[in-house]
Amino acid sequence: MQIKLGKVLTAVAIGATLTTMGLTGCQTSKDTTRTEGRVVDDKDTSKRVTKALDDNPLYKFPGVRVETYAGVVNLSGFVDTQQQKDYAGQIASQQEGVHKVVNGLVLKPTANANADIKNAPMAPTGYQSGQRMDATTQPRVNMSTNNWSNQNQDQP
């Protein structure tokens, strides 16, 4: 009996493949705390919440990220108003598969947020936060009254 080398190599390759598959199983997720079914359900829930936010006629939520873990939906990103933040949480809570909503949305900074630099908190360095400091022009601070002065440093 003469065995062809090609058939032997094919049989060895098939055997090695079946052995490898049998030893490793079909686990595709690195998450050991959720079953594969729970992972699929969470992905579906995230898709439903994202679609509901995208389909909303009143607000559009392009900057909102949706993640779900064991039925808990986490919303993150930026919105324009507090009403949008509240409404996004309400929309998410009404979707199938959502047990709880963690609304981590943040309001976008407004254009006038930097306009009132005089009322900015003092930085640990003793200078007003957000104020540009030059080597020649440093404001003097009266720490007892928190008054600012951009006058010459020789003056008290």
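So the check is Cβ under 7 Å with 6+ separation or different chains; which pairs have a first residue in the stretch 60-84 that's within 17 Å of ARG48 (Cβ to Cβ) and a second one that's modelled with pLDDT under 90 and of a type outside the set (Val, Ile, Thr)? Close Cβ pairs (under 7 Å, with a partner that is modelled with pLDDT under 90 and of a type outside the set (Val, Ile, Thr)) amount to ALA70/ARG34. Of all residues in the stretch 85-109, those that are touching a residue at least 40 places away in the same chain (Cβ under 8 Å), over 22 Å from GLY37 (Cβ atoms) and in a helix (DSSP H, G or I) total 1.
The values are calculated or read from the model by the stated rules, or taken from the named source; none is laboratory data. Keep in mind the model is a prediction, meaning the values are calculated, not measured. A quick note on method: Cβ atoms are made from the backbone with ideal geometry, for glycine too, and the neighbour counts reach across all protein chains shown.
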